[in-house]
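The values are calculated or read from the model by the stated rules, or taken from the named source; none is laboratory data. Note that this is a predicted model, so its numbers are computed, not measured. A quick note on method: Cβ atoms are made from the backbone with ideal geometry, for glycine too, and the neighbour counts reach across all protein chains shown.
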Amino acid sequence: MSLKDLPKDEYLLPGSAACPGCPATIGLRTVLKALGKKTILVVPACCTAVIESWYPNSSFNVPLLNIAFEASGATASGIVSALKQKGRDDINVVVWAGDGGTYDIGIQAMSGAFERGTDFIYICYNNQIYSNTGIQRSGATPYGAWTTTTVGGKGEFPKDMGAIVRAHHIPYAASACISYPEDLYNKVRKAKEIKGPKYIEVLTPCPPGWRFPMDRTVEMGRLAVETGVWPLYEYENEEMTFNGISRAIFEGKYKRKPVEDWLKLQGRFSHLFKPKRDEERIKRFEKFVDDMWERFRKEFG
Amino acid sequence: MKKYDVVTTLSYPKTGAMGKTGTWRIFRPILNKDKCVKCLRCWIFCPEGAIIRKEDDSVEIDYNYCKGCGICARECKVKVITMEREE
Amino acid sequence: MRVVVDTGNHIAALAAKLAKPDVIAAYPITPQTTIVEKIAEYVAKGEFSGDYICVESEHSAMSACIGASAAGARTFTATSAHGLLLMHEMLHWAALARLPIVMVNVNRAIGPGWTIWSDQNDSMAQRDTGWIQIYCSSNQEIFDSIIQAFKLAEHKDVQLPVMVCYDGFILSHTSMPVKVPEQEEIDDFLPKREPAWILDPENPVTHGNIIMPKDYPSIRKAMQDAQENAKKLIPEIAEEWKERFGTYHGDLIEKYRCEDADYIIMSYAALGAESKVVIDMLRKKGKKVGLARLRVFRPFPSEDILSLAENADLIVIDRSISIGFEGPLFTEVKSCLYGKSDAKVYGFIAGLGGKDVRYTDIGKIVDRVIERKQDGVLWYDVEGGK
């Protein structure tokens, strides 16, 4: 499939409140094209809640329920239930939540919705910070990253949300990135057709949050995949398939670009290189990525 | 578009909900249409949806809303979009 | 019409079933548990027409109800004490979103230490959420109030959520006979919900995005107006129920022997009902006492209280306390009399943590007032309570 096959319909209208170069809106445009008109979005507190613009106008052309930060999964369960009762279960119910509302404050509600088998798609757009409130650390923030609450660089590694979601044994869990729109589109299309809970995590590189120029958003996502920092995969009926370059990495057919190449381009990692190289922390970051692929090989090889 | 009477925070879809966000620009993308290969990368990667896809898959930039991020210039397959400073 | 003898909780579950909600999302907590269990039984027997979601917390229960209600469903839930407190954020959300959710709150005191017995601090603390609050003192009233609550909440001039409260264990686990109308009769009284707004791809709206200061106050004013409308509608709906089904518990206030009273006891729920026994006793002794059992806390029945204060002094018994000041009912009663009445108001705190308050205790409270004309707030039967 090619970009030509993607529909022309736009459900996110131009002139929103998003930052120039915002990855969330890039992701949303692709995701909404895959979902189509018959979609209800559930959006907790996150950047998108602001991107919608303000009352009485909205930049969204699908019905959208804003909800409290921790409540997405439960709210989706309620909507799905109501639609079923009203005989309108041909409507996609989709949570679009940031990493804060997924990894941290929202994890309980998401877990509950998965355990109950709610027929919906949970999309986590992950920019690895609490972006909306001004770039504070989240459970998804990478090791060594500057945030306003990890000023010297985060000392902990991020949660393995992929493993947590897979442990719920839901029919479909995928990892995507806005820099690969055909892949993201296909994943959403596939999820749409499956009954039960589906999870898609989309890497969304954030210019103000990661400290890189606003024209390099797509590049940053691509490099994350090429260095192996971010895997693209689908876990369907408990069978793992890696996609594109990630498959080549998994099969040992592609030599990952140095993780450093990705770190160096982002101001949030600049203290690892200036005033002098922090070899120890760079090595720890690289080991984290190596270990992740090692775990993948052990579990899915 | 049906508007509801009940008074609660209900908002309705609007293009340019934040106004003409083209005013945010410092640089504007200039496309050399003749050299465009209609790969549609600029169209799909525009965060704003400000690159309009025409019937024949050629593209046109909507300067009313383009915020000038420069992603289109960066991702253009054949590098025929340049960023020029706004007057 | 049949008569069912069952506990307050089971009666609540029955009322909820007969109101035919599309979605119930609930989480168990003592002393509400037998409500969710009864509903589960209905589901297993195929008697419940809606969808029943066993959520993983009370915050999620209210969130699920909000989602369901926004998608057009009639929704119901039940909770108590800590569960009510946990969903506090979402109570505000539901009211600001103008969603007509109906909830039972079985009143229970708050910990630590853990307590399962009744007081009203839990629901009183939800005073400012925008929810309508009804307090019941019999299982018949529980049944009637729950079904009436759906009609009230969904009324085009209200569109606000309603909580129906009653005492944990005192009512929740006590059996009483209840007259139950047939399903068709209830359907006739309570037609299908017509949502005031709805999530619908054919008419895509965004609910709850950013609202600027200049626009926010109107949202609040509209809620205030809706509660003013509710003040008129609650008695109307109760009257309609009386005409159709014969049972009645008062309008905003149940008045007992108030007409020529020198003193009127004001309280909610079980304490209120218990007072009737004392009033008959005192009347026999020549003391002219009456009872105003308040049924509604929000909207606050100011006008009715003012008119009761025209010819009597008021004895307010709160089964809750706003630490740092007074019992909430005492404060609000005085407030609605301000500048308009010279009636004296006496305040008592009794029954916190479920401490038993018998009719004899209420008798002692009344005697204290008649004999000692005590000032300020007295914590009845509490060491150092004055």
Query raised in the report: Residues in the stretch C:264-284: is at least one in contact with an Asp or Glu (Cβ under 9 Å, 6 or more places away or on another chain) and part of a loop (DSSP other than H, G, I, E, B)?
Result: no
Report task. All but one of (1) more than 7 Å from every other protein chain (Cβ to nearest Cβ); (2) under 18 Å from residue A:133 (Cα atoms) hold for residue A:52, so report the exception by its number. Result -> (1)
Query - Residue count for the stretch C:124-162, restricted to those that are over 21 Å from residue C:355 (Cβ atoms), outside any loop (DSSP other than H, G, I, E, B) and not acidic (Asp, Glu) - result: 19
Query raised in the report: What's the number of the condition residue B:6 fails, among (1) touching a strand residue (DSSP E or B) at 6+ places or on another chain (Cβ under 6 Å); (2) over 18 Å from residue A:13 (Cα atoms)?
Result: (1)
Report summary line: Restricted to the stretch C:204-247 and to residues being within 26 Å of the chain's Cα centre (by Cα) and of a type in the set (Asp, Glu), the residue farthest from residue B:17 (Cα to Cα) is C:243
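Taking residue C:323 as the residue in question, decide whether it is modelled with pLDDT of 95 or more, part of a loop (DSSP other than H, G, I, E, B) and outside the structural domain of residue C:229 (by TED's automatic domain parsing).
Working: modelled with pLDDT of 95 or more: yes; part of a loop (DSSP other than H, G, I, E, B): yes; outside the structural domain of residue C:229 (by TED's automatic domain parsing): yes.
Yes, satisfied.
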Report task. Can you confirm whether the stretch C:7-21 contains a residue that is part of a loop (DSSP other than H, G, I, E, B) and of a type in the set (Ser, Thr, Tyr)? Result -> no
Query raised in the report: For the stretch A:18-41, how many residues meet the condition of being in contact (Cβ under 8 Å) with a residue 24 or more places away in the chain, at the interface with another protein chain (Cβ under 7 Å from one of its Cβ atoms) and either closer than 14 Å to residue A:125 by Cβ or in a helix (DSSP H, G or I) (or both)?
Result: 5
Requested in this report: Please find, among C:276, C:221, the residue that is modelled with pLDDT under 95 and among the basic types (Lys, Arg).
Outcome: C:276
**Report entry** Output for the stretch C:339-359, where each listed residue is free of Cβ contacts under 8 Å to residues at least 24 places away in the same chain and on the phi < 0 side of the Ramachandran plot
**Finding:** C:342, C:356
Report task. List the number of the failed condition for residue C:304; all other conditions in (1) out of contact with any helix residue (DSSP H, G or I) (no Cβ under 7 Å at 6 or more places or on another chain); (2) of a type in the set (D, E, K, R); (3) closer than 24 Å to residue C:364 by Cβ hold. Result -> (3)
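Taking into account only those residues within the stretch A:57-89 that are in a helix (DSSP H, G or I), among the hydrophobic types (A, V, I, L, M, F, W, C) and facing chain C (nearest Cβ under 7 Å), which is surrounded by the fewest Cβ atoms within 10 Å (Cβ to Cβ)?
It comes out as A:83.
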Report task. Could you grab me the full set of residues in the stretch A:237-283 that are surrounded by fewer than 18 Cβ atoms within 10 Å (Cβ to Cβ) and in contact with a strand residue (DSSP E or B) (Cβ under 9 Å, 6 or more places away or on another chain)? Result -> A:237, A:240, A:241, A:247, A:248, A:251
Query raised in the report: Counting residues that are under 15 Å from the mean Cα position of the chain (by Cα), which strands (runs of 3 or more DSSP E) fully inside the stretch A:195-242 reach at least 2?
Result: A:198-203, A:233-236
Query raised in the report: Do we have any residue at all in the stretch C:182-192 that's within 14 Å of chain A (Cβ to nearest Cβ) and assigned to a loop (DSSP other than H, G, I, E, B)?
Result: yes
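Kindly establish whether residue C:306 is modelled with pLDDT of 95 or more and crowded, with 23+ Cβ neighbours inside 10 Å.
So residue C:306 fails the test.
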Requested in this report: Considering (1) surrounded by fewer than 19 Cβ atoms within 10 Å (Cβ to Cβ); (2) not in a helix (DSSP H, G or I), say which one residue A:286 fails and leave the rest.
Outcome: (2)
Report summary line: Within the stretch A:119-130, the residues that are touching a Pro at 6+ places or on another chain (Cβ under 8 Å), crowded, with 22+ Cβ neighbours inside 10 Å and in a loop (DSSP other than H, G, I, E, B) are A:120, A:127, A:128
**Report entry** Matching residues in the stretch C:166-182 - criterion: being closer than 14 Å to residue C:109 by Cα and either free of Cβ contacts under 8 Å to residues at least 24 places away in the same chain or surrounded by fewer than 21 Cβ atoms within 10 Å (Cβ to Cβ) (or both)
**Finding:** C:169
Query raised in the report: When you go through (1) over 18 Å from the mean Cα position of the chain (by Cα); (2) closer than 26 Å to residue C:116 by Cβ one by one for residue C:318, which number turns out not to apply?
Result: (1)
Query raised in the report: Any idea which residue in the stretch A:90-116 is nearest to residue A:23 (Cα to Cα), counting only those that are among the charged types (D, E, K, R) and more than 10 Å from chain C (Cβ to nearest Cβ)?
Result: A:99
